[in-house]
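See structure below.
The values are calculated or read from the model by the stated rules, or taken from the named source; none is laboratory data. In this text the structure is predicted, and so the values were computed from the model without any measurement. No Cβ is skipped: glycine too gets one built from the backbone with ideal geometry, and neighbour counts run over all protein chains shown. The accessibility values were calculated without ligands, DNA or RNA, using every heavy atom of the protein model including side chains. Shrake-Rupley method; radii C 1.70, N 1.55, O 1.52, S 1.80 Å.
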Amino acid sequence: MAGEQRPPTRWKGKHGEMTGPDWKKSKDARKQALKQLKELKLLKKLDKQRAEQQRTIEEQMKKKELKGRLYTISVALPGSVLDNAQSPEFRTYLAGQIARACTVFSVDEIVVFDEQGEDAK
């Protein structure tokens, strides 16, 4: 009996804990499972962040669309304004000045009306 070799017995620690190679395998498996859980959490977090960013971008786009005015600024000019100019260059200059002034005040529409009406025909 003294010369016989026995297979090594696995010792169990307190409360039936595993020891030796089984312990290492189970510890590695737990680590792997924890790692996978952390990766899943990170992926979910990333998805939430991307969805939130997409939502904020969509909200900003909607706000930009709604920023327009609900009214129109119009200017009415008599057709005789350009008739008073003595030369074609001065007429062009006068039309440019009117257009610049309307641009400064964000005029949407310029209406040129005929003062004489149907009598001119």
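Some points to look at:
- Pairwise FRET efficiency - Leu70 versus Arg91, Cβ, R0 = 25 Å, nearest 0.05: 0.10
- Per residue value of the accessible surface for the range 21-65 (all protein chains in place, 1.4 Å probe), Å²: 104
- Spin-label pair Glu39-Ala99: with each label point 7 Å from Cα along the Cα-Cβ axis, the two points sit 6.4 nm from one another.
- Spherically averaged projected area in nm², based on the convex hull that wraps the Cα atoms of the range 72-121: 4.1
- Distances between placed amide hydrogens fall under 5 Å for Val112 paired with Leu77, all partners being 5 or more residues away or on another chain.
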